[in-house]
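Q: Submitted below is the structure of interest, expressed as structure tokens.
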């Protein structure tokens, strides 16, 4: 079946602009996760959704970052007033339930803030 | 100190060699241990998953977990050029994965 998909694949924006990143999880997966992968930082957890609720937002680096999930499916990660340090690959993953076996990752969105 | 330590390499081996990768961790709450493979400009792909100490084998891949030493390993036998990628260890006590920095492996034909 289809895996996790993310859009856009690449995004170039100017400092100060807002961006929206989209994630479509595997059908039937109730848990959804966002991670950020930066050079020298590795993969870091941002936020976790169970259904439409986000019980853990502890990884969001600042209040410029927000995320929502609707219909227990698609999720959007929004970064307001982007900064150059926001440049990274943003990865989405989904799992069948609360840490059911493991998380399956999408291809990521490569964000470059100029 | 990071929760998960992984030597970033790079590691270069000839085709057919055994590739040995490892991670150490400090959080005793970790119960689940995974290895992901990531090709350039792609998302991580799950290779191995274990939740107990001991060995788990899947084809050319063997994962080892030693909870008493807080040490995990991945071995790749008969390595192929297609195994050239970055290998990430990951572990969790619940839903939040903590990753190693990743080891970049090149298998030379």
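Q: Starting with the fewest neighbours, write out A:73, A:94 ranked by other beta-carbon atoms found within 10 Å of each beta-carbon. Walk me through the intermediate numbers first.
A: Details: A:73 18, A:94 24.
Neighbour counts put them in this order, fewest first: A:73, A:94.
Q: Could you work out, residue by residue across A:48-56, how many beta carbons of other chains sit within 10 Å of that residue's beta carbon, and then give the average as an integer? Kindly include the intermediate steps, with their values, before the conclusion.
A: Values: counts 3, 0, 1, 0, 0, 0, 0, 1, 3.
Across the residues of A:48-56, the mean count of other-chain Cβ atoms within 10 Å is 1.
Q: Something else now. How large, in Å, is region B:1-105 by the Kirkwood hydrodynamic radius built from its alpha-carbon pairs? Mind dumping the intermediate values first?
A: Details: mean 1/r = 0.0729 Å⁻¹.
About 13.7 Å, per the Kirkwood formula over Cα pairs.
Q: Under a crude label model (7 Å from the Cα following the beta-carbon direction), how far is residue A:38 from residue B:31 in nanometres?
A: Spacing of the two 7 Å Cα→Cβ label points: 3.2 nm.
Q: Averaged over B:32-40, how many beta carbons belonging to a partner chain fall within 10 Å of each residue's beta carbon? Mind dumping the intermediate values first?
A: On the way: counts 3, 0, 3, 0, 4, 0, 5, 0, 0.
Across the residues of B:32-40, the mean count of other-chain Cβ atoms within 10 Å is 2.
Q: I would also like to ask the following. For chain A, calculate the relative contact order in percent as a whole number, restricting contacts to Cα pairs under 8 Å that are 6 or more residues apart. Working shown, then result.
A: Values: 288 pairs, mean separation 42.3, N = 114.
It rounds to 37 percent for chain A.
Q: Continuing with the same structure: Taking the inverse of the average 1/r across all pairs of different Cα atoms in chain A, what Kirkwood radius in Å do you get?
A: Values: mean 1/r = 0.0717 Å⁻¹.
Computed over chain A, the radius equals 13.9 Å.
Q: Ranked highest first by average number of other Cβ atoms within 10 Å, how do A:26-37, B:10-21 line up? Intermediate values should be presented prior to the final figure.
A: Numbers: A:26-37: 19.8, B:10-21: 13.8.
Ranking the peptides A:26-37, B:10-21 by packing returns A:26-37, B:10-21.
Q: Kindly work out what percent of the DSSP beta bridges joining two residues of chain B are antiparallel, to the nearest 5. It would help to have the intermediate numbers written out before the result.
A: On the way: 37 of 41 bridges.
Here the share of antiparallel DSSP bridges comes out near 90 percent.
Q: Most fluctuating residue of A:51, A:59, A:42 in a GNM of chain A with Cα springs under 10 Å: which is it?
A: It is A:42.
Q: Between residue A:70 and residue B:49, what is the FRET efficiency for a Förster distance of 25 Å, r being their Cβ-Cβ separation, to the nearest 0.05?
A: Step by step, r from the Cβ atoms, then E = 0.25.
Q: Another question about this same structure. Spin-label point model (7 Å from Cα, Cβ direction): what's the residue B:96 to residue B:18 distance in nm?
A: Between residue B:96 and residue B:18, the label points sit 3.7 nm apart.
Q: If you average over every viewing direction, what projected area does the convex hull of the Cα atoms of region B:50-109 give, in nm²?
A: 4.8
Q: Would you look at the GNM of chain B, springs on alpha carbons closer than 10 Å, and say which of B:47, B:74, B:88 moves the most?
A: Highest fluctuation among the options: B:47.
Q: Find the Rg to Rh ratio for region A:63-114, where Rh is the Kirkwood radius over alpha-carbon pairs and Rg uses the same atoms.
A: On the way: Rg = 13.1 Å, Rh = 12.8 Å.
Radius of gyration relative to Kirkwood radius: 1.03.
Q: Extension gain residue A:5-residue A:114, at 0.36 nm per residue separation less the Cα-Cα distance, in nm? Walk me through the numbers before you get to the answer.
A: Numbers: separation 109, 0.36 × 109 = 39.24 nm, distance 2.53 nm.
The span from residue A:5 to residue A:114 would gain 36.7 nm if fully extended.
Q: Tell me, what is the FRET efficiency for residue A:52 and residue B:68 to the nearest 0.05, using R0 = 41 angstrom and their Cβ-Cβ distance as r? Mind showing how you got there, number by number?
A: Details: r = 41 Å, r/R0 = 1.00.
Computed FRET efficiency for residue A:52 and residue B:68: 0.50.
Q: In Å³ and rounded to a whole number, note down the convex hull volume per residue for the Cα atoms of the protein assembly as shown.
A: Numbers: hull volume 27.9 nm³, N = 223.
In the protein assembly as shown, the Cα convex hull volume per residue is 125 Å³.
Each value in this text was obtained by applying a stated rule to the coordinates, not by laboratory testing. It should be emphasised that the depicted structure is a prediction, and the values quoted were computed from it without experimental measurement. Cβ atoms come from the backbone with ideal geometry, glycine included; neighbour counts cover every protein chain shown.
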